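Worksheet for the structure shown next.
The values are calculated or read from the model by the stated rules, or taken from the named source; none is laboratory data. The model shown is predicted, which means the values in this text are computed figures rather than measured ones. Here the Cβ positions follow ideal geometry from the backbone for every residue, glycine too, while neighbour counts run over all protein chains shown. Only protein heavy atoms, including side chains, enter the accessible area calculation; ligands, DNA and RNA are left aside. Shrake-Rupley method; radii C 1.70, N 1.55, O 1.52, S 1.80 Å.
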Amino acid sequence: MAGLQEDDEGFQVVKKKKGRQNIKTRNVDSISDVADDFIDTEGLKVKLWQSRQELKPSDFIQDLKETWKLVKQKLESDPAIRSFKDKMISNDSEADPASHLPPELLVHLGQLPITEQINKSFITSIICYGLGNFSTCAIARYQLGFLLLLSNMVLVPHSKCFCYDPRFTKSEIAFLKDLGLEVIKENEEGKRVCKEPTLLFMPHCGKPLYNNALWANWGNDNLHNLIILGNSFSSFHERIPEARLFSEASYIAAILPFTTEEKVKNNFKHTDIFNDMAFHIFNSERMKQVPNEIWEQRTEPSYDHIEDLEIILKKERS
């Protein structure tokens, strides 16, 4: 029997090699309909561990940490974020100082004063859309390894990381849950309303998914809660004619002039995994500069006119 080794982020790795399993996937609307395909769980854990171990000491991750520090400073300068943090501190002053923090997060933070805990952990959750079939795709596997490192970097426990891809198989869903991650049950099409500071990790997703996330949180009262890590919006603008961008992703086009973007340096040894990636934040003070007529345009996005659709919609299946 192969030996087990527990790594520093809590899951066990089996030190033996397994053959690759060929898995067919199909597009679905909820986890109740996904393909039930067998995967070599122990072998997949080894591959994921190897991918993450390649990432962890890399210049890419070290540079990402520096970029995150800059993004975090800009977020903390936002009056809306400061107000949220002050409210958390005020609420906890009348109760258990660590009552809002999951046990997993306290392990990361140690015995810190409550103010310092909140300063280090004001991102309340991570939403990951579009990860893909990580059991068969090496790129998706690196991105899953990245997600685990990202959760530690921003001090969000795995139990507050929510994943969804309509291509996930049942075995992949079980694997994610075994890692301590949460799996979203229904195809939200990216339309999740975020009432607290939330990091959306959306690797190589199509424009409609970003567009839908913006629409769901449209308005100065909520958009500042989104921190999007994914395809660079400015790159969309550079590559796509303005009229076409407004036609295909009007919310991206409308908010782009008011978006703060910090690009992620693409210096990982495999340059096709994290290319064209950036953090996007929506400072509440800058959002006040958005004309009211833009905020008033809140029509739910429709993509019927787009031939090559970059999103799997619920209505595509009965």
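How long are the semi-axes of the equivalent ellipsoid of the range 158-275, taking √(5λ) for every eigenvalue λ of the Cα gyration tensor, in whole Å from largest down?
Values: eigenvalues 130, 68, 40 Å².
Its equivalent ellipsoid spans semi-axes of 25, 18, 14 Å.
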Past 19 Å, Cα to Cα, is the threshold; run Lys65/Lys263; Lys263/Lys288; Lys69/Lys195; Lys74/Lys288; Lys45/Lys177; Lys69/Lys160 against it and keep the listed order. Lys263/Lys288; Lys69/Lys195; Lys69/Lys160
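Which net charge results for the neighbourhood of Glu238, defined as the other residues with beta-carbon distances under 14 angstrom from its beta-carbon, given Lys and Arg at +1 and Asp and Glu at -1? Display every interim value, and only then the final one.
Working: positive: Lys207, Arg239, Arg244, Lys263; negative: Glu242, Glu261, Asp276.
Charge balance near Glu238 sits at +1.
Expressed as a whole percentage, what fraction of the accessible surface of the range 195-318 belongs to carbon and sulfur atoms when a 1.4 Å probe is rolled over the protein heavy atoms?
45
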Given the whole protein assembly as supplied and a 1.4 Å probe, what does the accessible area of His280 come to in Å², nearest 10? 0
